[in-house]
1. Can you work out the Karplus-derived ³J(HN,Hα) for every residue in the stretch 36-46? Use 6.51 cos²θ - 1.76 cosθ + 1.60 with θ = phi - 60°, whole Hz, and x for glycine or proline.
2. Under a 5 Å amide H to amide H cut-off, with H placed in plane at 1.01 Å, what residues pair with G42 once short-range neighbours are removed?
3. Lysines within cross-link reach of K58: Cα-Cα under 28 Å, excluding same-chain residues under 8 positions apart?
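Read-outs: derived from the displayed coordinates by stated rules, not from any lab. On a predicted model such as this, the values are computed, not experimentally measured, just so you know.
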Amino acid sequence: MYQKCPVCDGRGNVSAGFYHAYPVNMLTSTCPETCRTCGGSGVILEPEVGTGDIVTKKVEELRKDVDQLRKEIDQHIKPA
Ligand SMILES: [Zn+2]
């Protein structure tokens, strides 16, 4: 899941001087800077529960199902 970047409020850039300790009027450039938190995309990946975790869980479930089916097939092919 993506969420709006809290640093730039989803704009992808921040006002000039945002990352500097000195006032904006001391800068030679007043152009907005690319937001370093989101890299200018305006959104960040939620760190806690991403889609990758959900996919991984689903794959694990499917693997268990496949393993169970293989055991049942083996029992039919090779009866004890
Ligand atoms: Zn940002």
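1. Along the stretch 36-46, the couplings run 7, 6, 10, x, x, 7, x, 9, 10, 6, 5 Hz.
2. Residues meeting the amide H criterion: G12.
3. K4, K71
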